[in-house]
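Asks: Would you mind keeping the following structure in view while I ask a few things?
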Amino acid sequence: MTEQEKVKLIQEISEDIIRISVKDLKGKNNSDHEKAVELLARALYDFSALYLSPQSLHEEALKGTVAKVKIAFNILDRMKKTNVVVTRINN
């Protein structure tokens, strides 16, 4: 498999992940994990598109890709911080 074929495969798989993520599940709310996975898949798709299209505007596309990755990180980081439970023991 050539390098280009591998990148196209990555792009196809990330597109499948996006398709699964946005599938309408009749009122089911996406969890924060699911939102982060979708954002990371979109960033991976964008990054592979950049790789395959050397004539594209890389600077603008990279800004969008970085933004998606940062948002996904912030979602996961916020979840980690909000899962802390403080218990007081009364004496």
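Asks: Could you list, in sequence order, all residues of region 56-87 that are modelled with pLDDT of 85 or more and of a type in the set (A, V, I, L, M)?
Replies: Within region 56-87, L62, V66, A67, V69, I71, A72, I75, L76 qualify.
Matching residues to (1) more than 14 Å from Q11 (Cβ to Cβ); (2) buried (at least 19 other Cβ atoms within 10 Å of the Cβ); (3) more than 10 Å from the chain's Cα centre (by Cα); (4) of a type outside the set (V, I, T):
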residue	(1), (2), (3), (4)
A41	no, yes, no, yes
L52	no, no, yes, yes
Q55	yes, no, yes, yes
A61	no, no, yes, yes
V69	yes, no, no, no
D77	yes, no, yes, yes
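Asks: Would you please list the contacts, defined by Cβ atoms under 7 Å and residues six or more apart or on different chains, that run from a residue in region 22-51 that is farther than 14 Å from I75 by Cα to a residue that is at pLDDT 90 or above and open to solvent by 60 Å² or more (accessible area, probe 1.4 Å)?
Replies: A41/I17; A43/V69; L44/I10; Y45/E15; S48/I10
Asks: For region 4-14, does any single residue satisfy the condition of being touching a Lys or Arg at 6+ places or on another chain (Cβ under 6 Å), of a type outside the set (S, T, N, Q) and either open to solvent by 80 Å² or more (accessible area, probe 1.4 Å) or part of a helix (DSSP H, G or I) (or both)? Talk me through it step by step, then tell me what you get.
Replies: To start, the set of residues in region 4-14 that are touching a Lys or Arg at 6+ places or on another chain (Cβ under 6 Å) comprises none.
Within region 4-14, not a single residue is touching a Lys or Arg at 6+ places or on another chain (Cβ under 6 Å), of a type outside the set (S, T, N, Q) and either open to solvent by 80 Å² or more (accessible area, probe 1.4 Å) or part of a helix (DSSP H, G or I) (or both).
The values are calculated or read from the model by the stated rules, or taken from the named source; none is laboratory data. Keep in mind that this is a model prediction, so the values were computed, not measured. Cβ sites come from the backbone with ideal geometry, for glycine too, and all protein chains shown count toward neighbours. These area figures cover heavy atoms from the full protein model, side chains too; ligands, DNA and RNA do not enter into them. Shrake-Rupley method; radii C 1.70, N 1.55, O 1.52, S 1.80 Å.
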